[in-house]
1. Let me check against my output: what whole-number percent is the relative contact order of segment 24-127, with C-alpha pairs under 8 Å and at least 6 apart?
2. Could you look at segment 24-127 and say what percent of its accessible area is carbon and sulfur, using a 1.4 Å probe and all protein chains?
3. Can you pull out the chymotrypsin sites (Phe, Trp or Tyr not before Pro) in segment 23-129 whose DSSP state is coil and whose Cβ has at most 15 other Cβ atoms within 10 Å?
4. With +1 on each Lys and Arg Cβ and -1 on each Asp and Glu Cβ, how big is the dipole of segment 35-129 about its Cα centre, in debye rounded to the nearest 20?
5. When ligands, DNA and RNA are left out and all protein chains stay put, how many square angstrom of accessible area per residue does segment 24-127 have with a 1.4 Å probe?
6. Quick check: from the Cα gyration tensor, does segment 24-127 come out rounded (a/c under 1.5), prolate or oblate?
Amino acid sequence: MRYITPRKAAEGLGSAHEGTQHHWAMTVTGIALAILTPLFLIVIARAIGLPRELVLAYFARPFQALITGFFVIVGMLHFIKGTRIMIDDYFQGGVRKGAIIASVIFGWAVIACAVYALVRMGLGAIVVL
């Protein structure tokens, strides 16, 4: 029989052994998204209806590109952390591992595609990637 005192059980930073790191990451990305979302909506609203050439020139500007890039990166990191919580709650075993891997790959793929597109628009005809 193994006897663990309540203090000894609490010293391991909880059952997840990660402490409050996950909670703080979700809180910080949530606050960042609360600030970035209105800015992103303004940036996108101004681009609606423009011809292709003007859209490329519009997103070649640093402010628009940075707001869009930060929004996508922070949003997808928030997505990855949030889906991890959902997956941990509803899946078990190998399905859980596969779902976590799929959500992380999807999140980073979206980030990579968005950053690549913004770099292409920013560089324009200077460099052909």
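The values are calculated or read from the model by the stated rules, or taken from the named source; none is laboratory data. Values in this document were obtained by computation on a predicted structure and should not be read as measured data. For neighbour counting, all protein chains shown are included, and Cβ atoms are generated from backbone atoms with ideal geometry for every residue, glycine included. Keep in mind that these areas ignore ligands, DNA and RNA; they rest on the heavy atoms of the full protein, side chains included. Shrake-Rupley method; radii C 1.70, N 1.55, O 1.52, S 1.80 Å.
1. So the answer I get is 37 percent.
2. Solvent-exposed carbon and sulfur of segment 24-127 make up 76 percent of the total.
3. Hits after loop and neighbour filter: Phe91.
4. 60 debye
5. 64 Å²
6. Prolate, because a/c is 1.5 or more and a/b exceeds b/c.
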